[in-house]
Every structure is written in C-alpha cells, then in structure tokens.
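**Student:** Let me begin by handing over the structure; questions about it come next.
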Amino acid sequence: MANTYNYHADENGMYGEFGGAYVPEMLYPNVENLKKVYLGIIESDEFQQEYKALLKDYVGRPSPLYLAKRLSEKYNTNVYLKREDLNHTGAHKINNTVGQILVAKKLGKKRIIAETGAGQHGVATATVCALMGLECIVYMGELDVQRQAPNVARMRMLGATVVPAMSGNRTLKDATNEALRDWICNPEDTFYLIGSVVGPHPYPDMVARLQAIISEEIKWQIKEQTEKDYPDYVVACVGGGSNAAGSFFHFLDDDRVKLVAVEASGLGIDSGETAATIAIGSKGIIHGSKTFLMQTDDGQIVEPYSISAGLDYPGIGPQHANLFQTGRAQFLSATDDDALEFVMELTRLEGIIPALESAHAMVALKKMTFKKDDAVVITLSGRGDKDMETYMNRFNL
Ligand SMILES: *Cc1c(COP(=O)(O)O)cnc(C)c1O
C-alpha cells in the first residue's frame, strides 16, 4: 500500500533526475534566499492561519466535491467533480497567488512581478496585489496582449501595470524572459510570483504545497461521501501542472489511488500543432529546471499550440516529469475536438460550463474504462466564462 519512493522534492529541489535550479549567476542570490526561507514560512502557524483564513473567506473554500449523477450514469462509474471553478476569480490559480503574496509580505517585498500567457495568472496575481495594496507588474507577450484584451482590462482595473514583451514570438516564453530580467535588476524589493509548478527550485515545490489544499479537501470529502477513505482515481489536466500537482499531493504515497494527468494535444500529437509535452517532448532545461520540453534537435523551444490558452505551454513541471518516468501517474492526451465534446457534455448533463482546460481532464472518461464502484475524482480547474467567445464560434451560439 504505502511505498518508499520519494515523489516530493528533495532539499535541492530534485524529483529523481528532474528539477533543480539552473539559473544565471545574477539570479542565484534571489533563488538561494527563497530556497532557504520558503518552507519555514509556509509551515509556520502564523502563515497557515492567515492562508487558511483567506482561502475560506476570500477564495470561498472548501470547494465542493460534487457527485455528478448523470455523468456517472453515462460512464457507468462514480464521477466526483472537484469544483475549483467555484473559487473567486474562477479557477484554482488563486490558491497559489494568495499563498505567494503572503510569502512576499513575510519577506518584506513591496513590488510583485509575474508573467502571464493568456492572462489568467496575471489576473490572479493582480487580484491579490489589490487585496494587499502591493505594486503589481505583469509581463505579457505583445501578441497575447492583443489576443487577451478582456484579461488585460481586468489586470489594469485591478491596478496592475501590464508590460508587453516585444521580443521573440511575443508570447509566454518572452514574457518569462522579461520577468526574469526585471528580477535580476530588482533583487531587493521585488518578489517574482510564478503561476505554476515550474521554474527553478523552490517554485515547483512551493506552488505544489500551496495547491495541495485541493487534495487535502478531497481526502476528507471522499470519506464523508463514500464508504472508502480514498478515491480510486484522481484525474487532472496539465499545462505547467499546478492543479494536477495540488490534486495529487496527498495521494502520492498511497498506491491505492491511481493518478491520471491529461495533456493538450491540440490538433493531434503528430500534427505539429500540439502542447503534449510528455507525448512528444524530450529532456532539457526550461525556465530554470530540468524536465521534459518540446524542442527542436538543436534545443530551441517549439511554439506550442492548444485551443486552451492555459495548457498552451512547451514544458511540464519537473515533478510531473518524474511521475511519468516512474510510472506513478498515467499520462493521456486530449485534442481540441475531444475537449470541446466534453465542454458540451458537461454543460448538458450537469449544467456546468467548464473552462476549456478542465474539459481536457474530462476526456479521461472516454479514454479509460472505470469499474462500476470506482470513485473517480476529476478536478474541474476552472469555469468557462473566459472561453465563451470560443464556445460561441465553435457551437454557433
Ligand atoms: C492556468 C490554467 C490551467 C493550467 O495550469 P496548471 O498549472 O497546469 O494547472 C488549467 N485550468 C485552468 C482553468 C487554468 O486557468
């Protein structure tokens, strides 16, 4: 039942051969300092009290674990949806930004920087900066600024400065480079708030711990609602991998619980228009950590594609690379069309319009076979409001 392998980060942030902190010398002091203090801060009673109070009264936790009856009937099993879509700002990302803003405050930082692709992490960061009265600068690829106008407006309304990144393809990777450059120039007063389980150690572990509230709640909720004290499966979509890492966290050492991660394969794994890193990627270093990434033969990052902006990332967190390599988690992929099918299915069977990202996780219902008495928990990472324009076009609404 219990196994002895360590799926968590060791003191150097290694998950097996993955992880670590591959950063330029200029960034070393910032990363090293955070590494020394982060665990002490987030495990302190003072932090835990503030963090838990905000999760309850500001974010609206615990999020429900909902037995989806009509969906369960269709797939002849028991499907439980972990409702991260009901959180303030509409997704799981706020769990992490609430936690990191408290870490930043404890460190006496006055200025928060972040990078964002589609703008979801930028909005979650701008939200907690408004809450705490801290300056917020969000780097965003210039192309993404154009494509994601509503989120840019939200960030500005919340008081953030949105800085367009003009280099490269003018997307997420370029925004990340700009954010890192800023951090190098402002090591004293600035905190870099990363949005997923990616980046140099200690970020992957810190973000996983701040999202671990998801599995902490699933544990007691499944016990409350079933005869068992564990789910048979936990399923989540993976972009960088933070909602999956949080959903898996407290089950990593319990072999009874099967873990399933779903990547976005875009137009198909071999189409050249994909974000399925585990399926087509290879080992390398991205954003300061060793993991799998989508790269050319000479190590240039390949621009990813998925209909869902949150899964459109060319790497994957180092913990997931290790979960894949050790076989602890099973990795599936879902195309744009698969995801759209499940957007409509969940909407019509349960009256819940999911985010495009979350619909990728639902595709496991079609790709796997579950037993009648299995408890299958699927994390519904976000709500579909942000994707309505896509739905209007695709479904002729
Ligand atoms: C950002 C986002 C994701 C992907 O990020 P992870 O770090 O892989 O969790 C998934 N779902 C939603 C709704 C998102 O906003």
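**Student:** Could we say that Pro150 is under 23 Å from Val98 (Cα atoms) and either assigned to a helix (DSSP H, G or I) or open to solvent by less than 30 Å² (accessible area, probe 1.4 Å) (or both) here?
**Tutor:** Here the answer is yes, as Pro150 does meet what is asked.
**Student:** If you scan region 90-101, which residues turn out to be in a helix (DSSP H, G or I) and crowded, with 21+ Cβ neighbours inside 10 Å?
**Tutor:** Lys93, Ile94, Asn95, Asn96, Thr97, Val98, Gly99, Gln100, Ile101
**Student:** In region 103-128, what count of residues is obtained for those that are assigned to a helix (DSSP H, G or I) and closer than 30 Å to Ala361 by Cα?
**Tutor:** 9
**Student:** For region 21-34, check the following and say yes or no: at least one residue is in contact with a Lys or Arg (Cβ under 6 Å, 6 or more places away or on another chain) and crowded, with 18+ Cβ neighbours inside 10 Å.
**Tutor:** No.
**Student:** Check Tyr38, Tyr58 and return the single one that is assigned to a helix (DSSP H, G or I), surrounded by fewer than 20 Cβ atoms within 10 Å (Cβ to Cβ) and in contact (Cβ under 8 Å) with a residue 60 or more places away in the chain.
**Tutor:** When all the criteria are applied, what remains is Tyr58.
**Student:** For region 116-139, which residues satisfy the criterion of being more than 14 Å from Tyr58 (Cβ to Cβ), open to solvent by 20 Å² or more (accessible area, probe 1.4 Å) and more than 10 Å from the ligand (Cβ to nearest atom)?
**Tutor:** If the condition is that a residue be more than 14 Å from Tyr58 (Cβ to Cβ), open to solvent by 20 Å² or more (accessible area, probe 1.4 Å) and more than 10 Å from the ligand (Cβ to nearest atom), then Gly133, Leu134, Glu135, Tyr139 are the ones that fit.
**Student:** Looking only at region 1-44, how many residues end up being of a type in the set (S, T, N, Q) and more than 21 Å from Gln100 (Cα to Cα)?
**Tutor:** 3
**Student:** Which residues, taken from region 191-201, are out of contact with any strand residue (DSSP E or B) (no Cβ under 9 Å at 6 or more places or on another chain) and open to solvent by less than 10 Å² (accessible area, probe 1.4 Å)?
**Tutor:** Val197, the sole residue that qualifies.
**Student:** If Ala245 satisfies every condition in (1) open to solvent by less than 10 Å² (accessible area, probe 1.4 Å); (2) outside any loop (DSSP other than H, G, I, E, B); (3) more than 16 Å from the ligand (Cβ to nearest atom); (4) modelled with pLDDT of 95 or more but one, which is the exception?
**Tutor:** Just one mismatch for Ala245, condition (3).
**Student:** Does region 370-397 hold any residues that are open to solvent by 80 Å² or more (accessible area, probe 1.4 Å), in contact (Cβ under 8 Å) with a residue 40 or more places away in the chain and away from the ligand (no atom under 16 Å from the Cβ), and which are they?
**Tutor:** Within region 370-397, Lys371, Lys372, Asp373, Arg394 meet the criteria.
**Student:** Can you find a residue in region 79-101 that is away from the ligand (no atom under 16 Å from the Cβ) and touching an Asp or Glu at 6+ places or on another chain (Cβ under 7 Å)?
**Tutor:** no
**Student:** Which one is surrounded by the fewest Cβ atoms within 10 Å (Cβ to Cβ), of the residues in region 202-242 that are more than 9 Å from the ligand (Cβ to nearest atom) and under 16 Å from Arg328 (Cα atoms)?
**Tutor:** Asp232
**Student:** Kindly provide the set of residues from region 320-351 that are open to solvent by less than 10 Å² (accessible area, probe 1.4 Å) and more than 12 Å from Ile278 (Cβ to Cβ), ordered by number.
**Tutor:** Ala334, Asp336, Ala339, Phe342, Val343, Leu346 - these are the residues of region 320-351 that are open to solvent by less than 10 Å² (accessible area, probe 1.4 Å) and more than 12 Å from Ile278 (Cβ to Cβ).
The values are calculated or read from the model by the stated rules, or taken from the named source; none is laboratory data. Since this is a predicted model, take the numbers as computed values, not measurements. A quick note on method: Cβ atoms are made from the backbone with ideal geometry, for glycine too, and the neighbour counts reach across all protein chains shown. Surface accessibility is based on the protein's heavy atoms, side chains included, excluding ligands, DNA and RNA. Shrake-Rupley method; radii C 1.70, N 1.55, O 1.52, S 1.80 Å.
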